[in-house]
Ligand SMILES: [Zn+2]
């Protein structure tokens, strides 16, 4: 970071910065905690300025020149940047947070709020058709998922207690599956009414909006009109719509068109989740995608996107199957895979889907498996696995899907570096990890997940802002703080200002660095010594304190 010259007292006053009253030394300390001597990046994108931060309880009480004796506790932030806690607008932690309530992968990089329930899939409501199967899934982590509706999920969350804040989205796929299961058909009118009621109920109980996952089952079976109807309900509540779109490759531009159209029809804030152009043959489409977003905004659609700072994505192998093959859900898919009459067609289609990308099977790296016998495939690509197994790569892929009960997370190397650079520097793109809360223990320790869960925010600050200067530090911090906070509708987070909640990160702009890699993803970043959540130290001198001051945030 280029060091900013400190602003004079009068310049700070002119900039609207509250100055702490000059209290006499013998008076009692005015603040629970004072963070002294740092360079404040307030989250708005404004240049850094030197000031102290006074915190009382869970809120920021003053920003200005604060004498040391005014703090019952002091943090010396000299040589460090002080900024709002990062709001990760795109995560999948709504089940994992109960397994890893200290959220080490997130708070160690400065994330203090996660938006969960993305890509059409939310932990709540857990009701109706598929609820029992989903409860069984949670048992793999010894988690007894005792919630039903959103309100009971919130109660469950608060009983567990977590180290960071959560804001929930309603997963459209979850609501549809709760109503009719994972079948490929439009909703009947009574079913549609039930789904719309579920949206109302979830929003009433505190959700911040609706997400879709239109490449997943059953999101992919949902007609646009059905989504627009749900989005109109969300709009009435002032919520937002986040979409993992129908395509991120061949029909990327059509998918962006659909997402924007829903925003225009329903008149609500829209977020394009993990924007990318996947596959070499589609890389050139990214510029046109950004043009569509810019033009929609110019015409009054409140649309933003999020992106993570890596050239690989991560999802499950079943995404490679065509609609007919996954109709009815996981068990139906497995039955087709095992049926000699249907398997050849699946084999042909999936093979063509993978080989559409030059490099094909080598670009697909297995992230985790459940069974002991397949353990050796973790971290290896499908071509290497196929060679070891002496089979065709397509048969290695389908074999794994079969043996792992239809669920095989993988990492797909598919984006261009130049495109990722362009996204992260773009003013309409926020930083979102698409990761989850975890720690290098329990089940997570036996997997090799995408490094984004541990590294995203530190990587943007170091690799993209400091080292390569693709954007300046205030702009990078804005993409992680006020921009997502505004998009979600969090009015008291995302900025450092008097009265805002004291979610704060203290980092060393010269030393901050992501350490997580595709080979070793469970590594914490360096250069982030202090993280506060609701005024409490969750990271102190670079270590997790074990504290759990997080709040389940509710819209309103
Ligand atoms: Zn997604």
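Any read-out appearing in this document is the output of simple, stated calculations on the displayed coordinates, not a laboratory observation. What you are looking at is a predicted structure, and each value in this text was computed from that prediction instead of being measured. Heads up, the Cβs are rebuilt from the backbone with ideal geometry, glycines too, and the neighbour counts pull from every protein chain shown.
In the chain, the longest principal axis of the Cα atoms and the axis of helix 285-298 are about 60 degrees apart. In plain terms, the chain from residue 72 to residue 298 could stretch by 76.4 nm, reckoned as 0.36 nm per residue minus the Cα-Cα distance. The calculated pair-distance distribution of the chain uses every alpha carbon pair, bins of 20 angstrom beginning at 0, and gives 22, 55, 20, 2, 0 percent.
By DSSP, the beta bridges lying fully in the chain are antiparallel in about 50 percent of cases.
Here region 265-392 is treated as a sphere whose radius is the Kirkwood value from Cα pairs; by Stokes-Einstein at 37 °C and 0.692 mPa s it diffuses with a coefficient of 185 µm²/s. FRET efficiency for the pair residue 194 and residue 510, taken as 1/(1 + (r/R0)^6) with r the Cβ-Cβ distance and R0 = 60 Å, rounds to 0.60. Think of it as helices only: each DSSP H run of n ≥ 4 in the chain is worth -39500 (n - 2.57), and spread over all residues that comes to -9000 deg cm²/dmol at 222 nm. Helix 189-204 and the longest principal axis of the C-alpha atoms of the chain enclose an angle of approximately 20°.
Highest mean first, the peptides 442-451, 500-509 sorted by other C-beta atoms within 10 Å per residue fall in the order 500-509, 442-451. When peptides 261-267, 358-364, 135-141 are sorted by average Cβ neighbour count within 10 Å, with the highest value leading, the order is 261-267, 358-364, 135-141. Model label sites at residue 370 and residue 137, defined 7 Å from Cα along the beta-carbon direction, differ in position by 1.0 nm.
A straight line joining the Cα centroids of region 127-153 and region 425-501 runs 29 Å. Compute the FRET efficiency between residue 339 and residue 44 as 1/(1 + (r/R0)^6), taking r as their Cβ-Cβ distance and R0 = 35 Å, and round to the nearest 0.05. That pair, residue 339 with residue 44, gives E of 0.05.
Counting neighbouring beta carbons within 10 Å and listing from fewest to most, the residues 119, 83 come out as 119, 83.
Peptides 402-412, 51-61 ranked from most to least packed give 51-61, 402-412, packing being the mean of other C-beta atoms within 10 angstrom over each peptide's residues.
Modelled label positions at residue 331 and residue 469, each set 7 Å beyond Cα in the direction of Cβ, lie 6.1 nm from each other.
Between region 219-267 and region 292-330, the C-alpha centres lie 11 angstrom from each other. Over region 463-556, the hull volume per residue, using the convex hull of the C-alpha atoms, is 135 Å³. Extension gain for residue 518 to residue 129 (0.36 nm times residue separation, less C-alpha to C-alpha distance): 136.3 nm.
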